[in-house]
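Report on the following structure.
The values are calculated or read from the model by the stated rules, or taken from the named source; none is laboratory data. Not measured: the values here are computed from a predicted model. Cβ atoms come from the backbone with ideal geometry, glycine included; neighbour counts cover every protein chain shown.
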Amino acid sequence: MQIDIITIFPEYFESPLKIGLLGKALGKGLLKINLYNLRDFTKDKHKVVDDEPFGGGEGMVFKPEPLYKAISYIKSLDPSAWVVYLSPQGEVLNQKMAGRLSQKEHLVLICGRYEGIDERIRANFVDEEISIGDYVVFGGEVASLVLIETVVRLIPGVVGKKDSVEKESFSTGLLKYPCYTRPRDFMGYKVPEVLLSGNHAEIEKYRRKKSLEITLRRKPYLLKNAELREEDRKMLVELLKAQRFYIFLVHYPVLNKKGERIASAIANFDLHDLSRLARTYGLKGVYIIQPLEDQRELAEELIEYWLNKKGAQYNPLRKEAIKLVKLFESLDSAISEVKRIEGALPILLGTDASPKREYISCEEARKLLWEKPVALVLGTAWGLCDEVLDRCDYFLEPIWGRLDNYNHLSVRSAASILVDRIFGIYSIYKKG
Ligand code: 21W
C-alpha cells in the first residue's frame, strides 16, 4: 500500500513513522509513505497556503490552488489514488471503514489546519471526508496518524500472528476479555482461578463470556454487527436477566386538567398494550397503582378473563403478556412487591415534562439497570403529582415533539417509545 500525506507540518510525522510495527512495516516494504509539504505547491516567495475567509469571521482557510496542485500532481502519477480529507465534518472512523480503506492500493491524506480547506476543493477533488471522533483537535495530522495505524495493521504481514488481529476487539465485533499476567496474587488481588486451571476449553468459554459481558455493558451497540453464535445468544440472554425493569402505571395521585389531585380510571387498552410491550421487551411487570377498589375489581375481572377464562384458550399469547399485570392500591405496595421479588428496592425513574426536573438520558438509565431493579413511573390523566415525583430517584429525558411544542402522547405510546429507547439496543433476537 502507498499512503501520501499532504501537510504543512511534515516533521510532525517523523517519529511515529519510525516506531513499532508501523516502522517495521515501512522497513519491510509492506507500506510506502510519502510526505508532501503543501508549501512546496505554492508559487509566491512566502509560500502562503492560507487566506482570510470570504464573508469575514475567525481564522484562516487553506487556499484552493496549492491543494489542487498537490492533489493533481499525485493523481498524475496514479489516477486511482483515493483522496481522503481528515476533518471534523467527516464520517466518524470505525473498524469497518478501516477494513474498506485497507483494500485500497493508494491513499492520499489531506491534513487541514486553521478553519479547514476551501469548500471547492472538498466538494470536487476529495473522495471521502473522515473524522476521528466528535471532539476537537488542532489539525488533521493526528487524525491521519490514527487512520494510518488502524488501516495499516490490517495489511497482511504487518501484525505478527494473523490470529491476533482477527481475534481481538472489534474484528469479531466484541470487546476483548480482561487479561492477567504474573504474579497470581498482586497485593491480595487474585487472578481468576479458571485461567490457572490449564483447561483450555473452560478458559475459552470464560473469555467468551467476559467478552460478551463487557460488550453488553459498555458498548451494546457493537452487538448489532457482531458475529454471534447460538451459545453467545444464550449467554447474552442470561446476562440480560440481570436487568430487572418494571412499569408502574399510576392512577392515583395524578392531576386533572385544572391541576387538582384526582384518581383516574383504568383503561382496558393500557393493560393490553403495556403488558404486550413488557412481554416483548422482557420486562418483569406492569404494576397498576389504583386505590379505588371497584376500579381494581373491574381490572381483575378483565385479567381473569385472559388468564383463566375463554380468553386464555382463544389467545394464549395474550395470556402470556397479561400475566405480567398486577394491581396495587398504592405506590408503596407496588414498591414492596418489587422488593419482595428482587430482594432490593427499585430505583424509581420518573417521567415528567416540567422544566424544574433534571433529566437523565436513556443511556444513563441503562447503566442503572445493571445495579438495581428499576421502575418506570408513568402517570395517567394530566400527569403525576409532586408527591409522587418527589419520591422519584431520577427523571427520564422527556419525549419532545419535533416541529413545535405539541406534545400529547398516550401513556401507551410514551411507554413504548421510552422502553425502546432504553432496551431497543439489546434486541439480539432476530427472526430467522
Ligand atoms: C477543528 C478545524 C475545529 C476546524 C465553526 C466554525 C481532522 C479533526 C480534524 C479543526 C475546526 C478530526 C469553528 C475529529 C477534529 C481537524 C481541526 C472548527 C471552530 N466552528 N476528527 N469554526 N476532530 N481539526 N473551528 O478536530 O482538522 S479529523
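Among the residues in the stretch 3-13, are any in contact with a Leu (Cβ under 9 Å, 6 or more places away or on another chain), crowded, with 19+ Cβ neighbours inside 10 Å and of a type in the set (D, E, K, R)? Checked against the condition, which is being in contact with a Leu (Cβ under 9 Å, 6 or more places away or on another chain), crowded, with 19+ Cβ neighbours inside 10 Å and of a type in the set (D, E, K, R), the stretch 3-13 yields at least one hit.
For Val49, the requirement of being closer than 13 Å to Ile3 by Cα and surrounded by 15 or more Cβ atoms within 10 Å (Cβ to Cβ) is not met.
Taking the listed residues Leu222, Leu196, Leu236, the one that is farther than 30 Å from Glu387 by Cβ, of a type outside the set (S, T, N, Q) and touching a Ser or Thr at 6+ places or on another chain (Cβ under 7 Å) is Leu222, with no other qualifying.
Each row is one residue, and each column tells you yes or no for (1) among the acidic types (Asp, Glu); (2) surrounded by fewer than 17 Cβ atoms within 10 Å (Cβ to Cβ); (3) over 23 Å from Ser15 (Cα atoms); (4) out of contact with any Pro (no Cβ under 9 Å at 6 or more places or on another chain).
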{"position": "Arg113", "(1), (2), (3), (4)": "no, no, no, yes"}
{"position": "Asp118", "(1), (2), (3), (4)": "yes, no, yes, no"}
{"position": "Asn124", "(1), (2), (3), (4)": "no, yes, yes, yes"}
{"position": "Leu145", "(1), (2), (3), (4)": "no, no, no, no"}
{"position": "Glu149", "(1), (2), (3), (4)": "yes, yes, no, no"}
{"position": "Val152", "(1), (2), (3), (4)": "no, no, no, yes"}
{"position": "Leu174", "(1), (2), (3), (4)": "no, no, yes, yes"}
{"position": "Gly188", "(1), (2), (3), (4)": "no, yes, yes, yes"}
{"position": "Glu202", "(1), (2), (3), (4)": "yes, yes, yes, yes"}
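Taking each residue of the stretch 133-150 that is free of Cβ contacts under 8 Å to residues at least 60 places away in the same chain and looking for partners that are more than 8 Å from the ligand (Cβ to nearest atom) and part of a helix (DSSP H, G or I) with beta-carbon atoms closer than 7 Å, six or more apart or interchain, yields Thr150/Ala98. Being closer than 20 Å to Ile33 by Cβ and within 7 Å of the ligand (Cβ to nearest atom) is a property that holds for Gly139.
Selection of the stretch 389-414 for residues being part of a loop (DSSP other than H, G, I, E, B) and among the β-branched types (Val, Ile, Thr) yields only Ile399.
Do we have any residue at all in the stretch 56-69 that's in contact with a helix residue (DSSP H, G or I) (Cβ under 8 Å, 6 or more places away or on another chain), in the same structural domain as Phe138 (by TED's automatic domain parsing), without any contact (Cβ under 8 Å) to a residue 60 or more places away in the chain and small (Gly, Ala, Ser)? Scanning the stretch 56-69 turns up no residue that is in contact with a helix residue (DSSP H, G or I) (Cβ under 8 Å, 6 or more places away or on another chain), in the same structural domain as Phe138 (by TED's automatic domain parsing), without any contact (Cβ under 8 Å) to a residue 60 or more places away in the chain and small (Gly, Ala, Ser). Only one residue in Glu301, Glu231, Glu293 is of a type outside the set (Lys, Arg), surrounded by fewer than 18 Cβ atoms within 10 Å (Cβ to Cβ) and under 27 Å from the mean Cα position of the chain (by Cα). Which one? Result of the check over Glu301, Glu231, Glu293: Glu231.
Of the residues Ser102, Ser80, the single one that is touching a residue at least 12 places away in the same chain (Cβ under 8 Å), away from the ligand (no atom under 16 Å from the Cβ) and loosely packed, with under 14 Cβ neighbours inside 10 Å is Ser80.
Using the structure shown, decide if Pro192 is within 30 Å of Arg366 (Cβ to Cβ) and in contact (Cβ under 8 Å) with a residue 40 or more places away in the chain. No. Can we say Tyr36 is within 16 Å of the ligand (Cβ to nearest atom) and either small (Gly, Ala, Ser) or within 23 Å of Val151 (Cα to Cα) (or both)? Here the answer is no, as Tyr36 does not meet what is asked. Taking helices (runs of 4 or more DSSP H) as the structural unit, those lying wholly within the stretch 310-365 and holding at least 2 residues that are in contact with a Leu (Cβ under 7 Å, 6 or more places away or on another chain) correspond to 316-322, 331-342. Set side by side, the residues Ile417, Ile428, Ile335 differ, and just one is of a type outside the set (D, E, K, R), within 24 Å of His272 (Cα to Cα) and under 20 Å from the mean Cα position of the chain (by Cα), which is Ile417. Using the structure shown, decide if Ile110 is closer than 18 Å to Leu145 by Cα, at pLDDT 95 or above, within 12 Å of the ligand (Cβ to nearest atom) and of a type in the set (Val, Ile, Thr). Against the criterion (closer than 18 Å to Leu145 by Cα, at pLDDT 95 or above, within 12 Å of the ligand (Cβ to nearest atom) and of a type in the set (Val, Ile, Thr)), Ile110 qualifies.
Restricting attention to the stretch 186-198, does a residue exist that is farther than 28 Å from Trp370 by Cβ and either within 16 Å of the ligand (Cβ to nearest atom) or among the charged types (D, E, K, R) (or both)? Within the stretch 186-198, not a single residue is farther than 28 Å from Trp370 by Cβ and either within 16 Å of the ligand (Cβ to nearest atom) or among the charged types (D, E, K, R) (or both).
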